[in-house]
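**Student:** A single structure is presented below for examination.
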Amino acid sequence: EPRSPIHSLLQELGIEAFTHYGIWLRAHLPSLPPAGWKVHISSVPHQLELALQRAIPTLLAEHVPFKCIATTALLEDLNDGRFGVTQAGKAITLYPRDEAEAYRLCSKLTTQLQGLRGPEIVTDTRFAPEAPVYFRFGPYDGATRIDPLGRQRRQLQLPSGECIDDP
């Protein structure tokens, strides 16, 4: 894989090991349960490096698994909806361990990313208007079912173990 400025930036910011997976660079991403909290940072391409510079120190200090888009060109495609409208804006995805950590990360990142811009993430709730930080509880594994009309529906496993269609 050719190195992009994002690869180099992650290394400069102290991310020692990451893997290239499709359009993503994954850091500290362990095996994940079927579902959990996700915190998304939305970004426009020309602010992606700044968003990473502001967010990475917190992610390292908190040992939070995350992934980020591999290049600004791919972020342009993502934001234009070329990977599906539900993916637009999701430049950085964090995987907090629980609801308390998700809230703490959203609070810190809102302060750190204040004033940066990014498209709205239609599947998520915005934490505060001053920063492009969003959150939701959702599936990690992409399990699907076919409904009675033949449509593919993504499944969400609740903490109780019950499976429902992902809203």
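**Student:** Taking mean projected area of the Cα convex hull in nm² straight from the coordinates, which label in [x] 8.4; [y] 14.3; [z] 10.0 is the correct one?
**Tutor:** [z]
**Student:** In the full protein assembly as shown, how much of residue 108 is accessible to a 1.4 Å probe, in Å² to the nearest 10?
**Tutor:** Its heavy atoms expose roughly 80 Å² to the probe.
**Student:** Still on this model: Using a ≥ b ≥ c from the Cα gyration tensor of region 69-167 (square roots of the eigenvalues), is it rounded, prolate or oblate, where a/c under 1.5 gives rounded and otherwise the larger of a/b and b/c decides, a/b for prolate?
**Tutor:** Cα axes put region 69-167 in the oblate bin.
**Student:** Could you compute the net charge surrounding residue 98? Neighbours are other residues with a C-beta less than 14 Å from the C-beta of residue 98; K and R count +1, D and E count -1.
**Tutor:** 0
**Student:** Another question, if that's okay. Given a 1.4 Å probe and every protein chain left where it sits, what share in percent of the accessible area of the chain is carbon and sulfur?
**Tutor:** 51 percent
**Student:** Are there DSSP H segments in the chain that both extend 15 Å or more along their axis (alpha-carbon positions) and score a mean Kyte-Doolittle hydropathy of at least 0.0? List them, or say none.
**Tutor:** Helix filter hits for the chain: 48-62.
**Student:** At what distance in angstrom do the alpha carbon centres of region 15-49 and region 63-142 lie from each other?
**Tutor:** So the separation of the two Cα centres works out to 9 Å.
**Student:** Now for a separate question. About the Cα centre of region 67-113, how large is the charge dipole given +1 on each Lys and Arg Cβ and -1 on each Asp and Glu Cβ? Please answer in debye to the nearest 20.
**Tutor:** I would put it at about 120 debye.
**Student:** Just read off the accessible area of residue 12 with the full protein assembly in place, 1.4 Å probe, to the nearest 10 Å².
**Tutor:** Answer for residue 12: close to 150 Å² accessible.
**Student:** Where does each of 68, 163 land when they are ordered by accessible area, with a 1.4 Å probe and the largest first?
**Tutor:** Heavy-atom accessible area, descending, gives 163, 68.
**Student:** Taking only protein heavy atoms into account and a 1.4 Å probe, give the accessible area per residue of the chain in Å².
**Tutor:** Accessible area per residue: 52 Å².
**Student:** If you add up the charges near residue 123, with Lys and Arg at +1 and Asp and Glu at -1, over every other residue whose beta carbon is less than 12 angstrom from its beta carbon, what do you get?
**Tutor:** In short, +2.
**Student:** To the nearest 20 debye, what is the magnitude of the charge dipole of the chain about its Cα centre, counting +1 on the Cβ of each Lys and Arg and -1 on the Cβ of each Asp and Glu?
**Tutor:** In debye, rounded to 20, the chain gives about 80.
**Student:** Could you identify which residue out of 97, 26, 145 has the top mean-square fluctuation in a GNM of the chain using Cα springs shorter than 10 Å?
**Tutor:** Of the options given, 145 has the highest mean-square fluctuation.
The values are calculated or read from the model by the stated rules, or taken from the named source; none is laboratory data. Note that the coordinates shown come from a computational prediction; the quantities given were computed from them, not determined experimentally. Note: ideal-geometry Cβ built from the backbone for every residue, glycine included; neighbour counts use all protein chains shown. Ligands, DNA and RNA are excluded from the accessible area calculation, which covers all protein heavy atoms including side chains. Shrake-Rupley method; radii C 1.70, N 1.55, O 1.52, S 1.80 Å.
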